[in-house]
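Below is one structure, written out as structure tokens; comments come after it.
Nothing in this text is a laboratory measurement; each read-out follows from the coordinates by a stated rule. This is a predicted model, so every value here is computed, not measured. All Cβ positions, glycine included, derive from the backbone under ideal geometry; neighbour counts span all protein chains shown.
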Amino acid sequence: MPPRDPLNLAEMADDELIQLRAKLDVEMRRRRIGFSVGAIGERLAIDYFRETAGLPNLQPAPPGTKNVDALSRDGDRYSIKTVCNAKKTGTIYPDSAEPDKRLFEYLLIVRLSESWQLISIHQFAWTQFVEVRAWDKRMNAWYVGISARALAAGTQIKGDEKVGVLR
């Protein structure tokens, strides 16, 4: 019988899988690597913009910056929302004093596969975001539904498949 592949997760017992997850979480925190879907999407989008000629060079926004995840050298603010198996983006909270205030210049919607591989990036200027946004009454915030119609309102920056084919 050949030795078991230690990275074959399907062969691991439940307890082994839980221990692996705990060790991975500890190491990711130690290295200060974000490991939520949102953090991975932000990192992939910023890296893609940096590596692609013709796109602005993005830098991560300072931690805690409200509704802004990246900044361009020209000073444009980017809000980045990542979806993986979701029907809508995370929420975008309006300014409490001025509800119609422009919060960013661009919204990037990053779509990931189940294995967190980059599928597509869709860019929306503020005016395009305003056209497709929807209100979440429970959260008192905006979101964008992940539909072919909504995504087609923006510009597809990355992705080979047609917008009408959503996985």
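Descriptive notes on the structure:
- Full extension of the chain between W126 and A22 yields a length gain of 33.4 nm, computed as 0.36 nm times the residue separation minus the alpha carbon distance.
- Cα-derived Rg over Rh, computed across the range 37-158 with Rh taken as Kirkwood radius: 0.93
- When the range 37-158 is described by a simple charge dipole with +1 on each Lys and Arg Cβ and -1 on each Asp and Glu Cβ, the residue from N140, L103, P56 located farthest towards its positive end is N140.
- Mean Cβ neighbour count within 10 Å, used as a protection proxy, ranking 48-56, 87-95 highest first: 87-95, 48-56
- Packing-based ranking, highest mean first, of 111-118, 133-140, 100-107 given that Cβ atoms within 10 Å are counted: 100-107, 111-118, 133-140
- Placed amide H near N57: partners under 5 Å, 5+ positions off or other chain: R73
- Given R0 = 22 Å, the distance between the Cβ atoms of D74 and D47 translates into a calculated FRET efficiency of 0.70.
- Degrees between helix 37-51 axis and first principal axis of the chain (Cα, 0 to 90, nearest 10): 70 degrees
- Point-charge dipole on Cβ atoms (K/R +1, D/E -1) for the chain, about Cα centre, debye to 20: 300 debye
- The HN-Hα couplings worked out from phi for the range 31-36 by the Karplus form 6.51 cos²θ - 1.76 cosθ + 1.60 (θ = phi - 60°) are 8, 6, 9, x, 10, 8 Hz, whole numbers, x standing for Gly and Pro.
- In order along the range 107-114, phi translates into HN-Hα couplings of 10, 10, 9, 9, 9, 10, 6, 4 Hz, rounded to whole numbers, per the Karplus curve 6.51 cos²θ - 1.76 cosθ + 1.60 with θ = phi - 60° and x for Gly and Pro.
- Under 18 Å from the Cα of K137 - lysines, other chains or at least 8 residues apart: K87, K88
- Packing here is the average count of other Cβ atoms within 10 Å per residue, and on that basis the peptides 28-41, 9-22, highest first, run 28-41, 9-22.
- Taking amide H as placed 1.01 Å from N in the peptide plane, the amide H of K88 sits under 5 Å from that of I146, each at least 5 places away or on another chain.
- On Cα atoms only, tilt of 14-30 relative to the major axis of the chain in degrees: 50 degrees
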